[in-house]
1. Could you tell me which numbered condition G278 fails, if it satisfies all but one of (1) closer than 19 Å to Y93 by Cα; (2) open to solvent by 10 Å² or more (accessible area, probe 1.4 Å); (3) touching a residue at least 40 places away in the same chain (Cβ under 8 Å)?
2. Hey, among Y203, Y189, which residue is at pLDDT 90 or above and among the aromatic types (F, W, Y)?
3. Can you tell me which residue among L318, L339 is part of a helix (DSSP H, G or I), closer than 28 Å to M82 by Cα, open to solvent by less than 70 Å² (accessible area, probe 1.4 Å) and not β-branched (V, I, T)?
4. Which one is surrounded by the fewest Cβ atoms within 10 Å (Cβ to Cβ) among residues in the stretch 148-162 that are closer than 21 Å to S317 by Cα and β-branched (V, I, T)?
5. Take the conditions part of a helix (DSSP H, G or I), in contact (Cβ under 8 Å) with a residue 12 or more places away in the chain and over 30 Å from F312 (Cβ atoms) and apply them to I331. Does it pass?
6. Which one is farthest from the chain's Cα centre (by Cα), of the residues in the stretch 367-404 that are part of a helix (DSSP H, G or I), within 30 Å of C218 (Cα to Cα) and among the polar types (S, T, N, Q)?
7. From the list D334, D303, which one is open to solvent by 30 Å² or more (accessible area, probe 1.4 Å) and farther than 30 Å from Y169 by Cβ?
Amino acid sequence: MSSKTLLRQEILLELNFLKSMGTKIFIFPFINKQRNQLICYKVIYALVLCTALQLFLTLCSNSSSDWLEIINVAPNLGVVIMAVIKYTKLHTYREVYHKLYHHFRYDIWDIVSSNSPSHHKIIKRYKWITKSINRFLFYYSIPLIVFVDSFPYLVMIYENKFNYVTDQYLYPFDGWYPFDRVKWYAAVYVWESCMTAIVVFVYVFSNMIHTSYIAFICMELRILGSCLDEIRNPEDVIDVIGRTKKDVHNTVIRKLKVIISKHEYLAKTAAKLNLVLGDAMLLNYSLGSIFICLTAFTSTMVDNLYKSLRYFFMCISLLVEIFNQCVIGQILSDHSVGLSDTIYSWDWTSASPEAKKIILLFIMRTQKPFKLTGNGYIIMNMDTFSRIMSSSYQFFNLLRTIYR
């Protein structure tokens, strides 16, 4: 078995892992789903919508009560709305995900050379990065769900045993109900625990599949840059005049055209992913600094240990989500710019006239790097993350000043 086949199998294992996990929790976005999978998808989607409506009613019912209670509900509502958006996008753009899955499974290997140590190194590196991130997200989600679901009950036991508090009832997200939730405490707790798990799984799988696809796009960009490096030796890029160089000339032209066609496909793919992620990224940018500020402020102001820890972990979760979107946008742009620099440093001035025209066209196409945006209004990168953090800190200081 060739080394290229072994590398391909490693990438396929990661793609199959995504498909397997997504299928088991009915979030797998690709086409040709079975009927029972579609039914389960619609049921889960309806449940998430019910949770969003429940939290909205909770927010409305607390509109005239303690403002801390409003702050307690608003971030939860924002998280569930984000889960609805992510779940909707995964299903609406399932053809885009399917084509990407097919591309990384079959088409990308046309440009991978079995005799190129550089290609092997790039594939192994990005396979390791993708696998590490996916395993971390997946295995991190399990203890996270257990902690979030069990933490309120554990605090109740602690308060009852050591502080003799018997009239305190805590819930995972404390929603509104048209009945006495104390009387039906067990049923309410089970419902909120299940919906918390579903929302976390939607977040985790969405981040897994988007991070994997962005990483594989960056991997292909690096492979294209390596292909350019491999054909820019003096024998290949020399001005082809004599008939003895005709074969070399044709080989160079053919390779350049293949590289450009692959880059054009990646550009269209990045644009489609930008369209898929645009709504969620715009919502994160618009409300991220506000929710981070409110949860951080509340965690330092409340005297209740349970609420203080709850707001603190919610603040950390919001930070991680916004950081994830900003960092994958930054990495995608950096790899796109890196390919542009590789093209510019290519010894194209000594190439044939036809090769010069192709390289010039390629340079023009790469002048506009790939990027992820919030529906075109804001570019998601580390500068944006820095602005969000700065705004959150300013709001935090303003609230503390007003409170004092």
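1. (2)
2. On the way: Y203 fails: at pLDDT 90 or above.
Criteria check complete, one pass: Y189.
3. Result of the check over L318, L339: L318.
4. V155
5. no
6. So the residue we want is S390.
7. D334
For every residue, the table says whether it meets (1) open to solvent by less than 10 Å² (accessible area, probe 1.4 Å); (2) of a type in the set (D, E); (3) modelled with pLDDT of 80 or more; (4) not in a helix (DSSP H, G or I).
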residue	(1), (2), (3), (4)
L68	no, no, no, no
A74	no, no, no, no
L77	no, no, yes, no
A83	yes, no, yes, no
K89	no, no, yes, no
S114	no, no, no, yes
S118	no, no, yes, no
S132	no, no, yes, no
R135	no, no, yes, no
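The values are calculated or read from the model by the stated rules, or taken from the named source; none is laboratory data. Quick caveat, the model's predicted, so the values are computed rather than measured. Cβ atoms come from the backbone with ideal geometry, glycine included; neighbour counts cover every protein chain shown. Accessible surface areas use protein heavy atoms only, side chains included; no ligands, DNA or RNA. Shrake-Rupley method; radii C 1.70, N 1.55, O 1.52, S 1.80 Å.
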